[in-house]
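Report on the following structure.
The values are calculated or read from the model by the stated rules, or taken from the named source; none is laboratory data. Remember, predicted model here, so these are calculated numbers, not experimental data. Cβ placement follows ideal geometry from the backbone for every residue including glycine, while neighbour counts extend to all protein chains displayed. Accessible surface is based on the protein model in full, side chains and every heavy atom, while ligands, DNA and RNA are left aside. Shrake-Rupley method; radii C 1.70, N 1.55, O 1.52, S 1.80 Å.
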Amino acid sequence: SKKLHFGCGKNIFKDFINVDIQKGDGIDFSFNFDKFPYPFDDNSFEYVYSCQVFEHLEDIPRVLDELYRICKNDAIIEIIVPYYNTYDAFSDVTHKHFFTDMSFVQLVNCGYSLNKEAKFKIDKLELIPKGIGRIIPFKKFRKYISLFVPEIIEDVRAKLRVIKN
């Protein structure tokens, strides 16, 4: 099974095709993720992992369309991004987007995709707690508190399943 580590940085995964904007040891392909198309054939990958990358990209729907193109039917695209009200989200001046769990719900369910054929199903959507957020019981309560108190949630993790007819 072909797996893509999308935006690997220096964190090289064994048995993955590791891609990043920079060149370096273990990076299989180096290219700008905001330039299309990506250097992969249609229906190439069964799994894509991307951690702390999407917040840096220009056009999220276009990137998702391109990942859809290079993924096989039933592939999983796992995306981890900083939660919108953390210090980490705002301290990096290269961040262009801020995310909540609802960001992915809207991307998948509200037709923001440029390619109207592209379809995703949310397999899993979770808010990863940070620090004191780990001791707050009940996920719904933790999410509610995080709307008023920063640094409760650290990241949003979405697992999107590719659906091709």
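Residues checked against (1) among the hydroxyl-bearing types (Ser, Thr, Tyr); (2) in contact (Cβ under 8 Å) with a residue 40 or more places away in the chain; (3) under 15 Å from ILE60 (Cβ atoms); (4) out of contact with any Phe, Trp or Tyr (no Cβ under 8 Å at 6 or more places or on another chain):
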site: ASP88; (1), (2), (3), (4): no, yes, no, yes
site: VAL93; (1), (2), (3), (4): no, no, no, yes
site: LYS96; (1), (2), (3), (4): no, yes, yes, yes
site: PHE104; (1), (2), (3), (4): no, yes, yes, yes
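Evaluated against (1) open to solvent by 40 Å² or more (accessible area, probe 1.4 Å); (2) at pLDDT below 95; (3) not acidic (Asp, Glu); (4) not in a strand (DSSP E or B), ARG142 falls short on exactly one condition, (1).
Let me confirm something: among PRO82, PRO37, which residue is in contact with a helix residue (DSSP H, G or I) (Cβ under 8 Å, 6 or more places away or on another chain) and more than 21 Å from ASP155 (Cβ to Cβ)? Explain how you work it out, then say what you get.
On the way: PRO82 fails: more than 21 Å from ASP155 (Cβ to Cβ).
Only one candidate qualifies: PRO37.
For segment 38-60, a residue qualifies if it is closer than 29 Å to TYR84 by Cα and in a loop (DSSP other than H, G, I, E, B), and the qualifying residues are TYR38, GLN52, VAL53, LEU57, GLU58, ASP59. Tell me, yes or no, whether segment 42-50 has at least one residue that is open to solvent by 10 Å² or more (accessible area, probe 1.4 Å), touching an Asp or Glu at 6+ places or on another chain (Cβ under 9 Å) and within 30 Å of TYR144 (Cβ to Cβ). Yes, segment 42-50 contains at least one residue that is open to solvent by 10 Å² or more (accessible area, probe 1.4 Å), touching an Asp or Glu at 6+ places or on another chain (Cβ under 9 Å) and within 30 Å of TYR144 (Cβ to Cβ).
Checked against (1) of a type in the set (Lys, Arg); (2) without any contact (Cβ under 8 Å) to a residue 24 or more places away in the chain; (3) not in a loop (DSSP other than H, G, I, E, B), LYS23 passes all but condition (3). Tell me, please, whether a residue that is under 21 Å from ASN73 (Cβ atoms) and not in a loop (DSSP other than H, G, I, E, B) can be found in segment 10-19. Among the residues of segment 10-19, at least one is under 21 Å from ASN73 (Cβ atoms) and not in a loop (DSSP other than H, G, I, E, B), which makes the answer yes.
One residue stands out in segment 1-34 among those that are open to solvent by less than 80 Å² (accessible area, probe 1.4 Å) and in contact with a helix residue (DSSP H, G or I) (Cβ under 9 Å, 6 or more places away or on another chain): the one that is farthest from HIS95 (Cα to Cα), namely LEU4.
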